[in-house]
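All remarks here apply to the structure that follows.
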Amino acid sequence: MARRISRRKKPSKEDFVLKPERKIESEVFDRDTLLVLSKMIKKGIIANVDYPISTGKEANIFRATTSSGEFVAVKIYKLETAPFFRKAEYLEGDPRFMGIKGGDRNLVLAFARKEFKNLKICEDEGVHAPRPLYMQRHVLVMSFVGDATGLPFPTLNVFGSKSEDVLNSILEDIKKLYRAGLVHADISEYNIMMSDPPTLIDFGQGVILSHPRAMEFLERDVRNILKYFAKFGCKKDFEKTMEWLKA
């Protein structure tokens, strides 16, 4: 368990040191990130950062605990190492992010805001996704998707599923997003957590329908999930699924 940061001193990397077997990658906790986390602790948003749930090239996700003992997820976008210059296209056509200046750091901050706003849409539309709780700069706090003991649910690629009900739930959420004017744009078995019902995650690339490639991304999402379930004998026609989704 990570130690709490004292409010009487500036945070350091040592304040977030975990047990050796669960050591957090050092590049995530740069000075900017430590300051953001310290402010969140002072505001009572979180009390502890516990351990990493997942690590990636663009962001790492940690389980954290609030002062009331509730588990939450903290997503930290990497300010220095994320290759966001290749993903600026996902901001095109989105009036929420017009005028974003170039440079990796500005794009990282934009993607963090983008994911938070997209998760708010999910919450408003009843899509099964993490609830956005708080955001500051490149750090997002979301509801924790896991069991009562604090273990995160596995993703679909780990759990696997032959259930048509699971597939239908995922497609229903994609349809809800479409009706709300949003496309996830990165649906795959790696971005679905096997809660009951399944939970869609990683909304940073999500685009609104005015994006010039929104329909391309939507079709890719549907093809990806249909292809995955077809491997397990759960098959649906792509054209009919798209027709139903847009109805």
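Quick one: grab the alpha carbon gyration tensor of the stretch 139-234, order the square roots of its eigenvalues as a ≥ b ≥ c, and give me rounded if a/c is under 1.5, else prolate or oblate depending on whether a/b is larger than b/c.
oblate
What trypsin sites (Lys or Arg not before Pro) does the stretch 159-238 have in DSSP loop regions with at most 14 other beta carbons within 10 Å?
For trypsin sites (Lys or Arg not before Pro) across the stretch 159-238 that sit outside H, G, I, E and B with at most 14 neighbouring Cβ atoms in 10 Å, the list reads 162, 231, 235.
Are any of the pairs 57/231; 57/78; 175/236; 117/176 more than 19 Å apart by Cα-Cα distance, and if so, which?
57/231
For a quick check: with amide H placed at 1.01 Å from N, whose amide H comes under 5 Å from residue 59's, ignoring anything fewer than 5 positions away on the same chain?
78
Within the stretch 145-247, list the chymotrypsin sites (Phe, Trp or Tyr not before Pro) lying in a DSSP loop whose Cβ has at most 15 other Cβ atoms in a 10 Å radius.
232
List the GluC sites (Glu not before Pro) within the stretch 96-202 that DSSP assigns to loop and that have no more than 11 neighbouring Cβ atoms inside 10 Å. Present the calculation step by step, with values, prior to reporting the outcome.
Values: sites: 115, 123, 125, 164, 172, 189; in loops: none.
Loop-located and lightly packed - none at all.
So what are the ³J(HN,Hα) numbers for the stretch 159-170, from phi and the Karplus equation (6.51, -1.76, 1.60; θ = phi - 60°), rounded to whole Hz, Gly and Pro as x?
6, x, 6, 10, 7, 5, 5, 5, 4, 5, 5, 5
Can you compute the charge dipole magnitude of the stretch 94-247 about its Cα centre, using +1 on each Lys and Arg Cβ and -1 on each Asp and Glu Cβ, nothing else charged? Give it in debye, rounded to the nearest 20.
That gives the stretch 94-247 a dipole magnitude of about 460 debye.
Whose amide H sits under 5 Å from the amide H of residue 146, counting only residues 5 or more places off or on another chain, with H placed in the peptide plane?
153
Computed from the coordinates by the stated procedures, all read-outs in this text should not be read as laboratory data. Here the structure is a predicted model, which is why all the values come from computation and not from measurement. Counting neighbours? That spans all protein chains shown, and the Cβs are built from the backbone with ideal geometry, glycine included.
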